[in-house]
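J.: For reference, the structure I am asking about is given below.
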Amino acid sequence: MRCIDGKQIAQQVRESVQSEINALGLRPGLATILVGNNPASHVYVRNKQKACEVAGIYSEGHTLPQDVQEITLLSLIAGLNDNPKIHGILVQLPLPVHLNERRVLDAVVPSKDVDGFHYLNVGKLTANCPGFVPCTPLGVLHLLKTEKTEITGAHAVVVGRSTIVGKPMAMLLLHNHATVTICHSKTRHLDDICRQADILIAAIGKPLFIKGEHVKPGAIVIDVGINRLPDGRLVGDVDFATVYEVASAITPVPGGVGPMTIAMLLLNTLQSAKWAMGKQ
Ligand code: GUN
C-alpha cells in the first residue's frame with residue numbers, strides 16, 4: 001500500500017556524505033573503468049560520476065575499447081591501486097566476454113574495492129567482518145532499516161543468486177537475524193516460497209516476474225530489477241500494479257533501489273578515504 005521513496009532516502013544519504021566530506025579535510029577520489037559500448041553501462045557510470053561531483057568526491061573516468069587486451073586493463077588497475085588520490089576503483093560490469101571477470105575484479109586492491117566484489121571482501125562479508133559490501137544489497141538494507149522493517153525473525157526470500165545482489169543480500173539479511181531463503185531459476189515451488197515471505201527481494205532480471213498472487217498480504221517487497229521492455233518502458237522484476245494492492249510497502253522502478261546503489265557507492269568511497277586516513 002505504501003510506495004518507498006528510494007530517491008528521497010538516497011538524497012538524505014548523499015547530503016550526509018557531502019557534509020561529512022566537507023568536514024574531512026581530504027577529498028575522496030573514485031576511479032571508474034568502463035569497457036566497451038554497453039549503452040546502459042554508459043548511463044550508469046555517468047550517473048555515478050555526476051553523483052561524486054555533487055558530493056565533493058574527485059572522479060576520474062577511464063573508458064577502454066570493447067576489444068581491449070586484458071593486460072591493458074590490469075595495468076590500468078595496477079596504476080590506480082598505487083595512486084594516492086584514488087580511494088575507490090569501480091570496474092563497471094558486465095565486461096566483454098573475452099575478459100576474465102574474476103581476474104579483473106581481484107586485481108583491484110581490496111582496500112579500494114568500493115564495489116565489494118574482490119574475493120577478500122566477499123569473504124569478509126560472509127564472515128561478518130568489516131569490509132566493503134556491494135552497493136545494491138547495502139542500499140536495500142538501508143531502505144529496510146529506514147522503513148523500520150522488522151528484520152529479526154522475519155522470513156526473507158531473495159529471488160536471484162547473483163554475486164552482485166542475491167548472495168550478498170542473503171548474507172546481510174542473515175547477519176540481521178532474518179530467516180533467509182535463496183531462490184533461483186531452478187527452484188521448485190517458487191510461487192509457494194515467495195508467498196511465505198515477510199520480506200521479498202526480487203533480483204532475477206525477469207520483467208514483471210513477481211505478481212500480486214505471489215505475495216503474502218502485508219509483505220514488504222523490494223524490486224532490484226531494471227528491465228527494458230520491447231516498447232521501451234523501464235520496469236522491474238515486480239508487477240507493481242498487482243503487488244501494490246497486496247504488499248504493505250513496495251519500491252518502485254525507477255526511483256526505488258537504483259538511487260540507493262549510487263548513494264551507497266558514495267558512502268563506501270567516503271569510508272575508504274576515512275580508512276586510508278586511519279579513521280574508523
Ligand atoms: N553492473 C550492475 N550493477 C553493478 C554494480 O553495482 N557495480 C558495477 N561495477 N557494475 C555493475
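J.: Please list the non-local residues whose amide H lies under 5 Å from the amide H of VAL114, H modeled 1.01 Å from N, same-chain partners needing a gap of 5 or more.
T.: Counting only residues 5 or more places away or on other chains, the set is ILE89.
J.: Evaluate the relative contact order of the chain (contact order divided by residue number), counting alpha-carbon pairs under 8 angstrom at least 6 apart; express in whole percent.
T.: Over the chain, the number comes to 22 percent.
J.: Here is a further query. Ordered by residue, what ³J(HN,Hα) values in Hz, to whole numbers, does the range 166-183 give under the Karplus form 6.51 cos²θ - 1.76 cosθ + 1.60, where θ = phi - 60° and Gly and Pro are x?
T.: Ordered by residue, 3J(HN,Hα) equals x, 5, x, 4, 4, 4, 4, 5, 4, 5, 9, 6, 7, 8, 10, 10, 9, 10 Hz.
J.: Next question, about the same structure. Who wins for biggest fluctuation among LEU141, LEU74, LEU270 in a Gaussian network model of the chain, springs between alpha carbons below 10 Å?
T.: Residue with maximal mean-square fluctuation among LEU141, LEU74, LEU270: LEU74.
J.: Any idea of the accessible area per residue across the chain, 1.4 Å probe, to the nearest Å²?
T.: Numbers: 12970 Å² over 280 residues.
Result: 46 Å² per residue.
J.: Right, next: Long-range amide H contacts for GLY205: which residues qualify at under 5 Å (H placed 1.01 Å from N, peptide plane, sequence gap of 5 or more or a different chain)?
T.: none
J.: In whole Hz and in residue order, list the ³J(HN,Hα) couplings for the range 212-227 that follow from phi through the Karplus curve 6.51 cos²θ - 1.76 cosθ + 1.60, θ = phi - 60°; x for Gly and Pro.
T.: For the range 212-227, the Karplus-derived couplings read x, 5, 9, 10, 6, x, x, 5, 9, 10, 10, 9, 8, x, 9, 10 Hz, x marking Gly and Pro.
J.: Mind listing the phi-derived Karplus ³J(HN,Hα) values for the range 96-108, rounded to whole Hz, using 6.51, -1.76 and 1.60 with θ = phi - 60°, and x for any glycine or proline?
T.: The phi angles translate into x, 5, 6, 9, 7, 4, 4, 5, 5, 4, 7, 7, 6 Hz.
J.: At 7 Å along Cα-to-Cβ for each site, give me the label-to-label distance between ASP231 and GLU245 in nm.
T.: In this crude label model, ASP231 to GLU245 measures out at 1.9 nm.
J.: So how strong a dipole does the range 190-280 carry about its Cα centre when Lys and Arg Cβ are +1 and Asp and Glu Cβ are -1, to the nearest 20 debye?
T.: Details: 8 positive and 9 negative charges, 102 e Å.
In debye, rounded to 20, the range 190-280 gives about 480.
J.: Here is a further query. In terms of modelled amide H atoms, which long-range or inter-chain residues lie less than 5 Å from the amide H of ASP237?
T.: Residues meeting the criterion, in which the H sits 1.01 Å from N, are LEU208, VAL224, GLY225.
J.: Which sequence of GLU60, GLU20, GLU15 reflects their accessible areas, 1.4 Å probe, from the largest down?
T.: Working: GLU60 35, GLU20 75, GLU15 100 Å².
The ranking, largest first, comes out as GLU15, GLU20, GLU60.
J.: Rounded to the nearest 0.05, what FRET efficiency do HIS98 and LEU120 give with R0 = 25 Å and r taken as the Cβ-Cβ distance? Could you check? Provide the component values of the computation, followed by the final result.
T.: Numbers: r = 25 Å, r/R0 = 1.01.
It comes to 0.50.
J.: Which value at 222 nm does the chain reach when only helices count, each DSSP H run of 4 or more adding -39,500 (n - 2.57), with the total divided by all residues and rounded to the nearest 500 deg cm²/dmol?
T.: On the way: 10 runs with 114 residues, N = 280.
So the calculated ellipticity at 222 nm is -12500 deg cm²/dmol.
J.: Mind checking the angle between helix 39-55 and the chain's longest principal axis? C-alpha axes, 0 to 90 degrees, to the nearest 10.
T.: Computed tilt is about 70 degrees.
J.: Once you order the gyration tensor axes a ≥ b ≥ c over the Cα atoms, which shape class does the range 17-82 get: rounded for a/c under 1.5, otherwise prolate or oblate by comparing a/b with b/c?
T.: Values: a/c = 5.09, a/b = 1.64, b/c = 3.11.
Oblate, since a/c reaches 1.5 and b/c is not below a/b.
J.: For the range 201-280, which trypsin sites (Lys or Arg not before Pro) pass both filters: DSSP loop (anything but H, G, I, E, B) and at most 10 other C-beta atoms within 10 Å?
T.: ARG233, LYS279
J.: Could you pull the accessible area for TYR119 with a 1.4 Å probe, rounded to 10 Å²?
T.: 140
J.: What percentage of the solvent-accessible surface of the range 1-142, computed with a 1.4 Å probe over protein heavy atoms, is contributed by carbon and sulfur atoms?
T.: Numbers: 3760 of 6760 Å².
Here carbon and sulfur together make up 56 percent of the probe-accessible area.
The values are calculated or read from the model by the stated rules, or taken from the named source; none is laboratory data. This one's a predicted model, so the numbers in the text were calculated from it and none came from an experiment. Positions of Cβ are backbone-derived with ideal geometry, glycine not excepted, and every protein chain shown enters the neighbour counts. Surface accessibility is based on the protein's heavy atoms, side chains included, excluding ligands, DNA and RNA. Shrake-Rupley method; radii C 1.70, N 1.55, O 1.52, S 1.80 Å.
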